Every structure is written in structure tokens, then in C-alpha cells.
Amino acid sequence: MIRENDASFKKPELVAPAGDLEKLKTAIEYGADAVYVGGEGFNLRMGASTLSLPEIREATEWIHSRERKIYIALNIFARNYHISGIRSYLKRLAEIPVDAVIVSDPGIFLAVKEIAPHIPVHLSTQANTTNAKSVEFWYRQGVKRVVLARELTLGEIREITNISQTETEVFVHGAMCMSYSGRCLLSGFMANRHANLGDCSHSCRWRYVLKEEKRPNESYPIVEDESGTFILSSKDLCMIQYIPELCHAGVTAWKIEGRMKSPYYVAAVTRVYREALDRYCADPDTYVYDPRWLAELEKVSHREYGVGFFFGNQGYQSQTTHPGDEYLKKYDYLGMIHSVLPDDMAEVVVKNRILSNTSIEIMGRHLSEDFAQVLLDIRNEFNESIEAAQVGQKVLIKMSRPVGKYFMLRKYG
């Protein structure tokens, strides 16, 4: 079944999240073909760091010098009071050679076509495009790429891509939303924070109990049994075990979710999918899934993993977490190597407190570069030995093996 569409199989573009310049550069260094970033004020991750227009210009030049791409998310569902600001923003963005804007609102789409018609448009998953005729409609309007709805199965995705003239993209990893294509009203109702304007309170992650009107002092936990599904809190998506199936769905691009996540998350996830994708595309006939890939993805903060709707609605085992489950976090991100110095010394920017005589792991751009060591020599900016490095410090650390810029330090537990 996997090989039946070989004629349409083309290596997909790997698109990674970038909440700020540091994450953007990290994503590219760890193997992303493209990054997507938030445009100031008009994207669905308002809690994430966004890039100012000067930063977008700087980032675009940096990315294009490496022959990669940058996409700008302008994917809120705008109210009337947003329109003048969006138009003003687009006039300035039009002067920067970004590779596409990501929109979901038809009004914003019209503004882009009027003000910056030279910028390609990608249609956000928020537009909930679920069939080939919808894709055809958007193609006729001038959309270059459609990010398909997350509710689709691999079979449906394959059918759409086989007959569509526009590019298609799907999410392959990251947090999922219980609402239809992420269009949530729960947050606005319960917390007056509107998810469709980028201010989601993640109400679906809260813990709920059931109460009966005449018994206010008695509460009952909402639990799962054989006849029902815990519908609010979705598992995180993880498709690393299904690289061949994803490739032969024929989509143009795979997207990793996570603009609000750390540079460590972006690096760790991107490099795993990069390695798996490259290995499969190099020789599909000899490709073998490597269990290390999932083991590595378990080392980033995440909720219980699942496969979303790619294989149909499989109910509780596939879609939702246990009620009240917290994020799983086995490793702490300690810092990133800023520069490599003589005598195996590395300058490290500290992200979490680092203690001397601690066993850590060094994470490289590729899994083959990883190694473990004990921190025996930590020095401050005055080259003095110290027992602990604090958040924000730049310290010198003796490395037991060769390392490179952007390598990361992490610690179990």
C-alpha cells in the first residue's frame, strides 16, 4: 500500500517553528528547510515571542544566504478593528522578500492580494480545508499552498494531493487542539481569552469535575470507560514511526508545531525528523525505522504521544490523554554552545542552573554527535573555576570531545 503512489512521491520540505531569532537560527542549523514565524500582532501565538519587521528583514537575509525559506504567520480571524493595522503592516512587509505569508481569514487574504500580490499565500490549517474541491477553490483564488485540516486521514490526504494543483502541507509533530481545526471557543467563553485571535488560555488542558445542581458539595471526576471518550485534552502528535506512509501521502511539506517551545525543543525534534526523512528518501527499499528517534523525542517536554487522525478516529487510545495528565519532562535544557575555543573549551550560554561534577549529555546537530560527560571544569568570564553557573551567564566548559556552535547541554531528571 505504501509504494502504490511512487510516481507522485517527492521529498517533502521540513518546516520548523521559530518564535524568535534564536529559535529561527536553531531550527535551520538543526536541519529545517523552512521556518514559520509570527507577524507582530496578527498571528495565533501571541504568547510567543514574535519578530519585529527589522528582525524579519534580518532573518530573511540570513535564511536566504543559506538557501532556506521563511514564512510569516498572519493567521488570526480578524475583527474590523484589526484591518487598518493589518493593511499598514502588509505595506511594510511587502518590502521584505519573505517566501510566503500564512493566512486563514479571507479578509486578510484579500488584503495580501491587494497590497502585496507578489508574496505567495499559504492557507492555514485554521481554514479547515478537508476536501479536494476546497483546495481547488483556494487554488483558483491564487493560494500557493494549503495546510490541510488536522482531521484528515492519510488516505484522504493522498486522494487530495493526487488530484490537486496546489501544494499541500500537514502537521506531523506537536501539540494538538480538541477543537475543529483548532478553531476554539472554549477559551473565550471560560477565560475571555480568544484563541482565534492568538490568546488561547488552553482551557482544554484544565482539570474538570462533574457536579449535580442540588449537590454542590459533591464532585465527580470525568473519566474514560469502554463506551466514552475524554474529549478535551488531546495527545501530542508524533508520526516519527510512519515516515514511509507520510512520504507517500504526496504532500509538499511537513510541519512541526511549537512556536512557544524552547530552542532545545525545536532542535531536538527537527533533527530527528531530518534524519528519518533523509534516510528514507536516500533509499526507500533499505529504510529501517530507528527506535532511537522516538527515544529522542521522549527527551523533550511533551504530553502523551499519539497519531492524531492520520489512521482514522481510533477513539481514546489514539486521540486523548488521561484526564489530568501533566507534561512529561525527563530532561532539563542547560544551555547552548555559543562558540568553540582552543583546548577543547566551549563558551556556553546558560539556560538553567549548571552544577560542577554533574553528569550531562551534549546534543549535536546529528544523533551521531551526541555524547555524555561529567562537568569537571566550569569557568566564569574571568576564567575562574566556579561550582555553579546561573541562568543568563556565559561560562567556559571543558569538553571531552569536539563540539560545534549550537550544540546543546541537557541533563536527565
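Within segment 56-76, residues that are open to solvent by 10 Å² or more (accessible area, probe 1.4 Å) have Cβ atoms under 7 Å from residues that are among the hydroxyl-bearing types (Ser, Thr, Tyr) in these pairs: Asn75/Ser104; Asn75/Ser124, counting only partners at least 6 apart in sequence or on another chain. Any residue at all in segment 312-328 that's modelled with pLDDT of 90 or more and of a type in the set (D, E, K, R)? No, segment 312-328 contains no residue that is modelled with pLDDT of 90 or more and of a type in the set (D, E, K, R).
The residue pairs whose first member lies in segment 378-397 and is over 20 Å from Met408 (Cβ atoms), whose second member is open to solvent by 50 Å² or more (accessible area, probe 1.4 Å), and whose beta carbons are closer than 6 Å, counting only pairs six or more residues apart or on different chains, are Ser385/Arg379.
Table: residues versus (1) at pLDDT 65 or above; (2) part of a helix (DSSP H, G or I); (3) surrounded by fewer than 19 Cβ atoms within 10 Å (Cβ to Cβ).
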position: Arg150; (1), (2), (3): yes, no, no
position: Cys200; (1), (2), (3): yes, no, no
position: Arg207; (1), (2), (3): yes, no, yes
position: Glu224; (1), (2), (3): no, no, yes
position: Leu237; (1), (2), (3): yes, no, no
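Contact map, segment 236-260: first residue over 16 Å from Gly306 (Cβ atoms) and without any contact (Cβ under 8 Å) to a residue 60 or more places away in the chain, second residue hydrophobic (A, V, I, L, M, F, W, C) and assigned to a helix (DSSP H, G or I), Cβ cut-off under 8 Å, separation 6 or more or different chains; pairs are Ile243/Ala276; Ile243/Leu277. Within segment 374-413, can you find the residues that are assigned to a strand (DSSP E or B), open to solvent by less than 30 Å² (accessible area, probe 1.4 Å) and under 26 Å from Glu298 (Cα atoms)? Selection gives Met408, Leu409, Arg410.
Within segment 137-146, identify whether any single residue is part of a helix (DSSP H, G or I), in contact with a helix residue (DSSP H, G or I) (Cβ under 8 Å, 6 or more places away or on another chain) and in contact (Cβ under 8 Å) with a residue 60 or more places away in the chain, and answer yes or no. Checked segment 137-146: no residue is part of a helix (DSSP H, G or I), in contact with a helix residue (DSSP H, G or I) (Cβ under 8 Å, 6 or more places away or on another chain) and in contact (Cβ under 8 Å) with a residue 60 or more places away in the chain. Being farther than 24 Å from Val307 by Cβ, touching a His at 6+ places or on another chain (Cβ under 9 Å) and of a type in the set (Val, Ile, Thr) holds for only one residue in Ile86, Ile108, and it is Ile108.
Consider segment 108-148 and keep the residues that are at pLDDT below 95 and surrounded by fewer than 21 Cβ atoms within 10 Å (Cβ to Cβ). The one that is nearest to Val35 (Cα to Cα) is Asn128. Looking for something among the β-branched types (Val, Ile, Thr) and either free of Cβ contacts under 8 Å to residues at least 40 places away in the same chain or open to solvent by 20 Å² or more (accessible area, probe 1.4 Å) (or both) - is there at least one such residue anywhere in segment 83-99? Yes, some residue in segment 83-99 is among the β-branched types (Val, Ile, Thr) and either free of Cβ contacts under 8 Å to residues at least 40 places away in the same chain or open to solvent by 20 Å² or more (accessible area, probe 1.4 Å) (or both).
The values are calculated or read from the model by the stated rules, or taken from the named source; none is laboratory data. Keep in mind that what you see is a predicted model, and the values were worked out from it rather than measured. All Cβ positions, even for glycine, are placed from backbone atoms using ideal geometry, and neighbour counts span all protein chains on display. Each accessible area value is taken on the protein alone, full model and side chains, heavy atoms only, with ligands, DNA and RNA left out. Shrake-Rupley method; radii C 1.70, N 1.55, O 1.52, S 1.80 Å.
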